[in-house]
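The values are calculated or read from the model by the stated rules, or taken from the named source; none is laboratory data. Just so you know, these numbers come straight off a predicted model, no measurement behind them. Here the Cβ is made from the backbone with ideal geometry for all residues, glycine too, and neighbour counts use every protein chain on show. Note: accessible area is taken over every heavy atom of the protein model, side chains too, but ligands, DNA and RNA are not part of it. Shrake-Rupley method; radii C 1.70, N 1.55, O 1.52, S 1.80 Å.
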Amino acid sequence: MKYMINDKVVLSGPPEGPLAGYISSFTEWVSEQGYAASSLWQRIHLAACFSKWLGERGVRLRSVSSEHPAHYLRYRARRLQPTRSDVAALRQLLDFLRCENLIPAAKEPSRRITPVERCLHGFERYLRQERALANATIPNYLRFIHSFLSNRFGNRSVLLERLCSQDIVRFVQHEAPRLHLKRAKLLTTALRSFLQYARYRGYIRLDLAAAVPTVANWSMTSIPRAIPPDQVRQLLASIDRRTAIGRRDYAILLLLARLGLRSSEVVLLELDDIDWQAGRFSVRGKGGRRTELPLPNDVGKAIAEYLRYGRPASASRRVFLRGRAPFHGFLGQSAIGSLVRNSLKRAGINAPTNGAHQFRHALATQMLRHGASLTEIGEVLGHRSPETTKIYAKVDLDALRMLALPWPGGVR
């Protein structure tokens, strides 16, 4: 006897067990996340089988825990070939039951917090709430400070008042040579930030941040690696805009190429950030700052086509969503880097780099060559300091040749 659930899934019979009364609402919950019919059936069928197994073992609804799916899958594996998505499907079922308050929240394994971790928790709150650092930056700071505190105090109590300048210099001298230049500079930045925090909280009295050594390097030693305009045009032309993914990728690449957005700014862009009538939109930059930008006609048209004909139905307010269920925004800026890398590879383009930042460099370079000042470029790119923009003066080779002095003994 066939049994239909919500006109979406057909089972061999009505659900049994402690979850039977909630299979229908679980079906709707999963369906709203945009799964294909085959994936939806697999999840609901597995949920029904799991419920029946629980009933056969006398497990009541409120007694269902995170341990039961593992036991059930071992039992199931003796009869059926397991699939790669079984674990995720049952985890999703338990998430649904917890969201509906049908089963208790998962118990976190009890673990004693070390003194170093306790100190880091306060520093993390400071970085998030008072410094408004980007989510991608905070873990890097915390890793360096965890290493510093562990090196100085080990598993003992963290007594910051015992820190001295020798501790700081010794740590930097030991760690910096082992790191890439950019990572070494990030280490010293994190260390200064932590010591400023410790003084701000009153844990230390001296300005130990001033004792952090400077990582030696020449300013602006490299030339920005920008993707050439012809490669940008070739890349955009290679995108198949007849598909939903193609419309999404085309709109994202236009935002990178035409407006020089950072990957994080693309990821965090929300539907409410776009003012269609005014032809403007707002982006969240570094430090949580908001920047208003014009919305060029071609960029706006590409985003609108994705929203109308490519973006899957979702409760998420993010503009750009994953291409596969569950449909929600990208988890991080690395997704944009992967999108750029894969698009370049499909188009057969040998670009200067595989990252998204090269479009930002390309926009600045083009603006400079069309007569824009460094101040104007800095405003478009959202630079907080003019020093950040100065590096683009190095790409204007014609202007630099006029400043070059004759080479002694050279051709007259």
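Obtain the nm distance between the two label points defined at ARG60 and LEU159 by a simple spin-label model: each point lies 7 Å from its Cα along the Cα-to-C-beta direction. Between ARG60 and LEU159, the simple spin-label model gives 5.3 nm.
Please list, by residue number, every one of the trypsin sites (Lys or Arg not before Pro) in segment 86-132 that is coil in DSSP and has at most 12 other beta-carbon atoms within 10 Å. Don't jump to the answer; show the numbers that get you there.
Numbers: sites: ARG91, ARG98, LYS107, ARG111, ARG112, ARG118, ARG125, ARG128, ARG131; in loops: LYS107, ARG111, ARG112, ARG131.
Sites meeting the loop and neighbour criteria: LYS107, ARG111, ARG112.
Ligands, DNA and RNA aside, CYS164 has an accessible area near 50 Å² when probed at 1.4 Å. The spacing between segment 298-372 and segment 36-91, judged by their C-alpha centroids, is 38 Å. In a simple Cβ point-charge model (Lys, Arg +1; Asp, Glu -1; nothing else charged), segment 29-103 has a dipole of about 340 debye relative to its Cα centre.
Sequentially through segment 253-269, phi angles give Karplus couplings (6.51, -1.76, 1.60; θ = phi - 60°) of 5, 5, 4, 5, 7, 8, 10, x, 5, 6, 4, 5, 5, 5, 4, 8, 5 Hz, Gly and Pro residues having no value and appearing as x. Full extension of the chain between ARG280 and SER38 yields a length gain of 83.0 nm, computed as 0.36 nm times the residue separation minus the alpha carbon distance. For segment 246-329, the set of chymotrypsin sites (Phe, Trp or Tyr not before Pro) satisfying both a DSSP loop assignment and a count of at most 13 other C-beta atoms within 10 Å is given as TRP276.
What does the net charge come to around LEU73 if you take all other residues with beta carbon closer than 13 Å to its beta carbon, with K and R at +1 and D and E at -1? Mind showing how you got there, number by number?
Numbers: positive: ARG74, ARG76, ARG78, ARG79, ARG84, ARG91; negative: GLU67, ASP86.
Neighbour charge sum, excluding LEU73 itself: +4.
The simple spin-label model puts a point 7 Å past each Cα toward its Cβ; for GLU28 and ASN151 those points are separated by 5.7 nm. For segment 26-43, putting each phi into the Karplus relation 6.51 cos²θ - 1.76 cosθ + 1.60 with θ = phi - 60° gives couplings of 5, 4, 5, 4, 5, 4, 5, 8, x, 5, 5, 4, 5, 5, 5, 4, 4, 5 Hz, in residue order, rounded to whole numbers and with x for Gly and Pro.
Of all trypsin sites (Lys or Arg not before Pro) in segment 224-329, which ones are in loop regions per DSSP and have a Cβ with at most 15 other Cβ atoms within 10 Å? Don't jump to the answer; show the numbers that get you there.
Values: sites: ARG225, ARG233, ARG241, ARG242, ARG247, ARG248, ARG258, ARG262, ARG280, ARG284, LYS286, ARG289, ARG290, LYS301, ARG308, ARG317, ARG318, ARG322, ARG324; in loops: ARG225, ARG241, ARG242, ARG262, ARG289, ARG317, ARG322, ARG324.
Passing both the DSSP loop test and the Cβ count: ARG225, ARG242, ARG289, ARG317, ARG324.
For GLU270, the residues whose amide H sits under 5 Å from its own are VAL319, ignoring neighbours fewer than 5 places away on the same chain, with H placed 1.01 Å from N. Within a straight-line Cα-Cα reach of under 19 Å, LYS185 can be paired with the following aspartates and glutamates, leaving aside sequence neighbours fewer than 8 residues apart in one chain: ASP167, GLU175, GLU387. Between LEU181 and ARG308, the contour length at 0.36 nm per residue exceeds the alpha carbon distance by 41.2 nm. For segment 1-92, the relative contact order works out to 27 percent when only alpha carbon pairs closer than 8 Å and six or more residues apart are counted.
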